[in-house]
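Participant: Below is the structure I would like to discuss, written out as structure tokens.
The values are calculated or read from the model by the stated rules, or taken from the named source; none is laboratory data. Quantities reported herein were computed from a predicted structural model and do not represent experimental measurements. Don't worry about glycine lacking a Cβ; one is built from the backbone with ideal geometry, like all the others, and counts go over all protein chains shown.
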Amino acid sequence: MYTASQERYALSEKIFSRCGKSGVLLPKVSLGFWHNFGDDAPIERSRAITRYAFDHGITHFDFANNYGVPAGSAETNFGRLMDEDFRPYRDELFISTKAGYLMWDGPYGEWGSRKYLISSLDQSLRRMRLDYVDLFYSHRYDPNTPIEETLQALVDIVRMGKALYVGISNWPLEPLKAGAKYLKEHDVPLLIYQGRLNMLNREPIEQGILDFCAQEGIGFIAFSPLAQGLLTSRYLDGIPSDSRMAKEHFLKSDRRTPELLEYLRQLEAQAKKSNRSIAQEALSWVLDQKGVTSVLVGASSVEQLANNIQTIL
Ligand SMILES: NC(=O)c1ccc[n+]([C@@H]2O[C@H](COP(=O)([O-])OP(=O)(O)OC[C@H]3O[C@@H](n4cnc5c(N)ncnc54)[C@H](OP(=O)(O)O)[C@@H]3O)[C@@H](O)[C@H]2O)c1
């Protein structure tokens, strides 16, 4: 039986940040469930990480339909944690999911049609044992579906009470602009944009996406702020057998170049001056960019998450 820490909001002033010009506050460090929460990870470790997050004021958990191995298992396992640990705290949690990438066979299992988005969200709700999610994203832009079809599905998902807010992830700037306009005109303002932003990948800045969000009062949440672990001490001395890089799937070992190691050594020297870790230095850099609401971190241990949360305390 889990009882959340009584101290979980003791440091609210430091932890929370307003999401654009909305009424929603999000923790500056949010927890992502892409890796380490599927059937390929021990459930008790996933439970410990999730509890640690919530006990420290991390109220925002981010999913997508396809997270975990097999796809969907991160949501299914979280459904179990909802029932066993978090049900009494549902209204304190801000839970997001997404649809866009391949989830099931046939023509309705990916991209941006109304058929796919609504069916996928229904599946996510069943897996997570939830009545609604707080935030539902289009996970990628679909150039072959009329943009109005995707956007109207988002509007209707809110009208149907399946999500409270909508977000857009990985869309290029021009469709993002059109999307934000459409959603505003249909009284479902775009809450947040989710994009990859870290010291090694600055595309949302270079492409004007971060500026656009800041100007329009749309929140921005940075995914892979540690470049999947590259911007930490994880790979300084080799490739640990339990690391993401060792799996050679989403993070390939050819990313561990002499140039990267040199960059990390410099970052480490800089971090040491303020008694911080490389990860904390990297997260601070993202959080310092104008318009960034939150960094969406992954973690394979409580220690990693603790180190990451320490950045904002
Ligand atoms: N919208 C999208 O298209 C999209 C795409 C990707 C991700 N996301 C979201 O963003 C979330 C985070 O992505 P991510 O997992 O790539 O984020 P990340 O924070 O850049 O990388 C997380 C990985 O870095 C390592 N790590 C984390 N903290 C560490 C620390 N303090 N010291 C040493 N190593 C540390 C761990 O690797 P090991 O597992 O090897 O220990 C961990 O799994 C996802 O869960 C998902 O919610 C969204």
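Participant: Could you give me the residue pairs with C-beta distances under 9 Å whose first residue belongs to region 276-303 and is part of a helix (DSSP H, G or I), whose second residue is at pLDDT below 95 and not polar (S, T, N, Q) wherever it lies, and which are 6+ apart or on separate chains?
Facilitator: So the pair list comes out empty.
Residue-by-condition table, conditions (1) assigned to a helix (DSSP H, G or I); (2) surrounded by fewer than 18 Cβ atoms within 10 Å (Cβ to Cβ); (3) in contact with a strand residue (DSSP E or B) (Cβ under 8 Å, 6 or more places away or on another chain):
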site: GLY68; (1), (2), (3): no, no, no
site: ALA74; (1), (2), (3): yes, no, no
site: ARG80; (1), (2), (3): yes, yes, no
site: SER96; (1), (2), (3): no, no, yes
site: PRO107; (1), (2), (3): no, yes, no
site: GLY112; (1), (2), (3): no, no, yes
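Participant: Would region 63-73 turn up any residue that is touching a Phe, Trp or Tyr at 6+ places or on another chain (Cβ under 6 Å) and aliphatic (A, V, I, L, M)?
Facilitator: Within region 63-73 (the criterion being touching a Phe, Trp or Tyr at 6+ places or on another chain (Cβ under 6 Å) and aliphatic (A, V, I, L, M)), the answer is no, since none of the residues qualifies.
Participant: Now, a different point. For LEU264, work out the one condition from (1) more than 12 Å from the ligand (Cβ to nearest atom); (2) part of a helix (DSSP H, G or I); (3) of a type outside the set (D, E, K, R) it doesn't fulfil.
Facilitator: Going through (1) more than 12 Å from the ligand (Cβ to nearest atom); (2) part of a helix (DSSP H, G or I); (3) of a type outside the set (D, E, K, R) one by one, LEU264 breaks only (1).
Participant: ALA279 versus (1) more than 15 Å from the ligand (Cβ to nearest atom); (2) surrounded by 16 or more Cβ atoms within 10 Å (Cβ to Cβ); (3) of a type in the set (Gly, Ala, Ser): which is the lone unmet condition?
Facilitator: Evaluating ALA279 over (1) more than 15 Å from the ligand (Cβ to nearest atom); (2) surrounded by 16 or more Cβ atoms within 10 Å (Cβ to Cβ); (3) of a type in the set (Gly, Ala, Ser) leaves (1) as the failure.
Participant: Right, ARG140: charged (D, E, K, R), crowded, with 16+ Cβ neighbours inside 10 Å and part of a helix (DSSP H, G or I) or not? Give the derivation first.
Facilitator: Details: charged (D, E, K, R): yes; crowded, with 16+ Cβ neighbours inside 10 Å: yes; part of a helix (DSSP H, G or I): no.
Considered against the rule, which asks whether it is charged (D, E, K, R), crowded, with 16+ Cβ neighbours inside 10 Å and part of a helix (DSSP H, G or I), ARG140 comes out as no.
Participant: While we're here: When GLU303 is evaluated against the numbered criteria (1) crowded, with 19+ Cβ neighbours inside 10 Å; (2) near the ligand (Cβ under 9 Å from one of its atoms); (3) among the acidic types (Asp, Glu), which criterion, by number, is the only one it fails?
Facilitator: GLU303 satisfies all of (1) crowded, with 19+ Cβ neighbours inside 10 Å; (2) near the ligand (Cβ under 9 Å from one of its atoms); (3) among the acidic types (Asp, Glu) except (1).
Participant: Which of the residues spanning region 220-235 are under 27 Å from GLY167 (Cα atoms) and either part of a helix (DSSP H, G or I) or within 6 Å of the ligand (Cβ to nearest atom) (or both)?
Facilitator: Listed by number, the residues that qualify are PHE223, SER224, PRO225, LEU226, ALA227, GLN228, GLY229.
Yes or no, residue by residue, for (1) at pLDDT below 95; (2) over 21 Å from the mean Cα position of the chain (by Cα); (3) β-branched (Val, Ile, Thr):
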{"position": "PHE212", "(1), (2), (3)": "no, no, no"}
{"position": "GLN215", "(1), (2), (3)": "no, yes, no"}
{"position": "ILE221", "(1), (2), (3)": "no, no, yes"}
{"position": "GLY229", "(1), (2), (3)": "no, no, no"}
{"position": "GLY238", "(1), (2), (3)": "no, yes, no"}
{"position": "SER241", "(1), (2), (3)": "no, yes, no"}
{"position": "LEU261", "(1), (2), (3)": "no, yes, no"}
{"position": "GLN266", "(1), (2), (3)": "no, yes, no"}
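Participant: For the condition over 15 Å from ASP187 (Cα atoms), out of contact with any Gly (no Cβ under 9 Å at 6 or more places or on another chain) and surrounded by fewer than 20 Cβ atoms within 10 Å (Cβ to Cβ), what is the one hit in LEU125, LEU121?
Facilitator: Sole residue among the options that is over 15 Å from ASP187 (Cα atoms), out of contact with any Gly (no Cβ under 9 Å at 6 or more places or on another chain) and surrounded by fewer than 20 Cβ atoms within 10 Å (Cβ to Cβ): LEU125.
Participant: Go through region 154-199 and give me each residue that's touching a Ser or Thr at 6+ places or on another chain (Cβ under 9 Å), part of a helix (DSSP H, G or I) and farther than 21 Å from ALA222 by Cβ.
Facilitator: Within region 154-199, just LEU154 meets the criteria.
Participant: Among residues belonging to region 204-219 that are touching a Gly at 6+ places or on another chain (Cβ under 7 Å) and outside any helix (DSSP H, G or I), point out the one that is farthest from GLN304 (Cα to Cα).
Facilitator: GLY217
Participant: Consider PHE86 carefully, then state whether it is buried (at least 19 other Cβ atoms within 10 Å of the Cβ) and either farther than 26 Å from HIS186 by Cβ or in contact with a Cys (Cβ under 6 Å, 6 or more places away or on another chain) (or both).
Facilitator: Against the criterion (buried (at least 19 other Cβ atoms within 10 Å of the Cβ) and either farther than 26 Å from HIS186 by Cβ or in contact with a Cys (Cβ under 6 Å, 6 or more places away or on another chain) (or both)), PHE86 qualifies.
Participant: Out of curiosity, is HIS56 buried (at least 20 other Cβ atoms within 10 Å of the Cβ), more than 14 Å from the chain's Cα centre (by Cα) and within 16 Å of the ligand (Cβ to nearest atom)?
Facilitator: Considered against the rule, which asks whether it is buried (at least 20 other Cβ atoms within 10 Å of the Cβ), more than 14 Å from the chain's Cα centre (by Cα) and within 16 Å of the ligand (Cβ to nearest atom), HIS56 comes out as yes.
Participant: Can you pull out the residues in region 236-246 that are in a helix (DSSP H, G or I) and surrounded by 15 or more Cβ atoms within 10 Å (Cβ to Cβ)? I'd like the intermediate steps shown before the answer.
Facilitator: The initial filter retains those residues of region 236-246 that are in a helix (DSSP H, G or I), namely 245-246.
Across region 236-246, the qualifying residue is only MET245.
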